[in-house]
């Protein structure tokens with residue numbers, strides 16, 4: 001028994017230390033990025049290019065996912081609520097679950113898979129072809145030139161995508177509630193309005209800001225530390241997506257605990 005316990009500890013410690021070191025590296029890169037954001041000149045054009053790619057480029061897929069998630073929640077809740085003759089409360093559940101949790105998290109995961117992987121691949125390719133070294137040779141800071149525009153674009157556009165996802169998901173629930181469950185359309189929107197408070201929308205949007213920071217920093221960090229040529233770019237891209245997913249879920253759990261005790265007190 002003692003042998004098993006020692007073995008588990010021996011296997012766990014290196015993994016924990018590696019993750020702590022990795023989080024420290026991400027924190028350093030995030031701090032450098034925030035510093036360079038405040039230092040002119042500002043790269044407005046590069047920011048707009050990245051914002052267009054992240055916002056309009058990801059809108060359709062995030063909208064489709066949110067729409068169907070709203071429908072799924074309505075259908076799943078109908079089983080229980082109809083038995084309790086409480087189907088009138090389904091709009092409340094749809095609105096709260098989407099704005100607080102599902103829309104922010106699912107939108108962040110979609111963007112992490114689509115944009116985070118692209119960021120890692122782009123920067124990693126520049127590292128492999130020594131373009132980053134060329135930037136340094138011309139006294140151009142890679143964090144300022146490569147990371148800052150992507151970081152700002154994600155931090156601004158991810159909350160915007162989440163707001164659209166909230167409304168589209170609630171509309172998906174509206175279709176099921178009105179067409180399938182026979183709930184009056186005006187009453188549906190009235191119940192949604194009564195259920196939602198500013199804190200519900202704000203908590204979801206606050207989460208997305210930090211999710212965006214995670215996606216940007218993880219993607220850029222993996223790209224800047226690519227090793228091993230083209231194979232290394234592929235490995236770094238996969239690693240960036242997986243670690244972004246893990247950190248997003250961990251952050252969501254932490255924020256849920258904080259907001260729960262904050263609003264319960």
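The values are calculated or read from the model by the stated rules, or taken from the named source; none is laboratory data. The structure presented is a predicted model; accordingly, all values stated were derived computationally and were not measured. Cβ sites come from the backbone with ideal geometry, for glycine too, and all protein chains shown count toward neighbours.
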Take residue 213 and decide whether it is modelled with pLDDT of 90 or more, surrounded by fewer than 22 Cβ atoms within 10 Å (Cβ to Cβ) and within 30 Å of residue 25 (Cα to Cα).
-> yes
All but one of (1) within 19 Å of residue 192 (Cα to Cα); (2) surrounded by 15 or more Cβ atoms within 10 Å (Cβ to Cβ); (3) modelled with pLDDT of 90 or more hold for residue 30; which doesn't?
-> (1)
Tally, over the range 35-88, of residues that are surrounded by 15 or more Cβ atoms within 10 Å (Cβ to Cβ) and outside any helix (DSSP H, G or I) | 1
Evaluate the following for residue 156: is it buried (at least 20 other Cβ atoms within 10 Å of the Cβ) and either in a helix (DSSP H, G or I) or touching a helix residue (DSSP H, G or I) at 6+ places or on another chain (Cβ under 7 Å) (or both)?
-> no
Report yes if residue 173 is farther than 22 Å from residue 259 by Cβ and surrounded by fewer than 24 Cβ atoms within 10 Å (Cβ to Cβ), otherwise no.
-> no
Of all residues in the range 211-265, how many are within 16 Å of the chain's Cα centre (by Cα) and within 17 Å of residue 50 (Cβ to Cβ)?
-> 12
Flag for residue 233 being closer than 23 Å to residue 118 by Cβ, crowded, with 16+ Cβ neighbours inside 10 Å and modelled with pLDDT under 90 = yes
Where residues in the range 95-130 are within 10 Å of the chain's Cα centre (by Cα) and surrounded by fewer than 24 Cβ atoms within 10 Å (Cβ to Cβ), which of them is nearest to residue 201 (Cα to Cα)?
-> 105
Of all residues in the range 159-194 being in contact with a helix residue (DSSP H, G or I) (Cβ under 9 Å, 6 or more places away or on another chain) and without any contact (Cβ under 8 Å) to a residue 12 or more places away in the chain, the one that is farthest from residue 87 (Cα to Cα) | 167
